[in-house]
Amino acid sequence: MATFGILIGIMIAIAIGAMSPGPSFVLVSRVSIANTRVHGLSAAIGMGLGGAFFAILALAGLVTLLERVEWLYLVLKIAGGLYLVYLGVVIWRGAREPVSVGSAEGRGTLSVPRALMLGFVTQVSNPKTAVVYASIFAALMPQNPPPFVVLALPPLIFIIETSWYAVVAVAFSASRSQQAYLGAKLWVDRLAGAVIGALGLRLIGESLAQLRR
């Protein structure tokens, strides 16, 4: 019963974090609305894989290394920020390009494997997520957690992250959402690109501020 309570507490904390707005939400919603539901769900799976990857890092103690070797953590943050800025620029520059919304057969402007990889890379572009996971684990897990808890956390986090972004994918891949997107593609893409780019710049700014200290 105690083990079950630990897992429930961690799952709730992770779910709240997953639902907070960020580049992952912007990406999944845009992939879903501009392509097909399959593409959106693939991106959601990529987000889940990224979450599981960070959970494994946190449980393996690699986050402790990043915290102790501050320059390595800052380098990873800057690299993640640069990726988000690059992604934002690509989306912004493609705003004027015509697009044919994907059909029910799965034809879209983005391949399904690439949608999955795009979700994964976007998720892991921010190493702060791994630190958040480690903080939640440290706060909610006992000093010597049962092996079952350690083994169960990565797949559970995969399920939580994937489930949330699957909801986002289903909502934004609806025909009404896609028709609305076609009518305002220029401004939707520019907004998405600006938000993702701004989040990347914020990540870089935070890292440079830490370097000056």
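The values are calculated or read from the model by the stated rules, or taken from the named source; none is laboratory data. Computed from a prediction, not measured in an experiment: that's the story for all the values here. For neighbour counting, all protein chains shown are included, and Cβ atoms are generated from backbone atoms with ideal geometry for every residue, glycine included.
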The listed residue being part of a helix (DSSP H, G or I) and loosely packed, with under 15 Cβ neighbours inside 10 Å, out of SER207, SER135: SER135
In region 123-162, residue farthest from the chain's Cα centre (by Cα) [restricted to those that are over 16 Å from GLY9 (Cβ atoms) and without any contact (Cβ under 8 Å) to a residue 40 or more places away in the chain]: ASN144
What number of residues within region 94-117 satisfy the criterion of being touching a helix residue (DSSP H, G or I) at 6+ places or on another chain (Cβ under 6 Å) and either modelled with pLDDT of 85 or more or of a type in the set (Ser, Thr, Tyr) (or both)? 3
Scanning region 71-93 for residues that are basic (Lys, Arg) and modelled with pLDDT under 80 gives LYS77
When only residues in region 1-35 that are touching a residue at least 24 places away in the same chain (Cβ under 8 Å) and assigned to a loop (DSSP other than H, G, I, E, B) count, which is surrounded by the most Cβ atoms within 10 Å (Cβ to Cβ)? ASN35
Apart from one, (1) of a type outside the set (Gly, Ala, Ser); (2) modelled with pLDDT under 85; (3) farther than 18 Å from MET19 by Cβ all hold for ILE136; the odd one out is (3)
Among the residues of region 118-128, how many are part of a helix (DSSP H, G or I) and at pLDDT below 80? 1
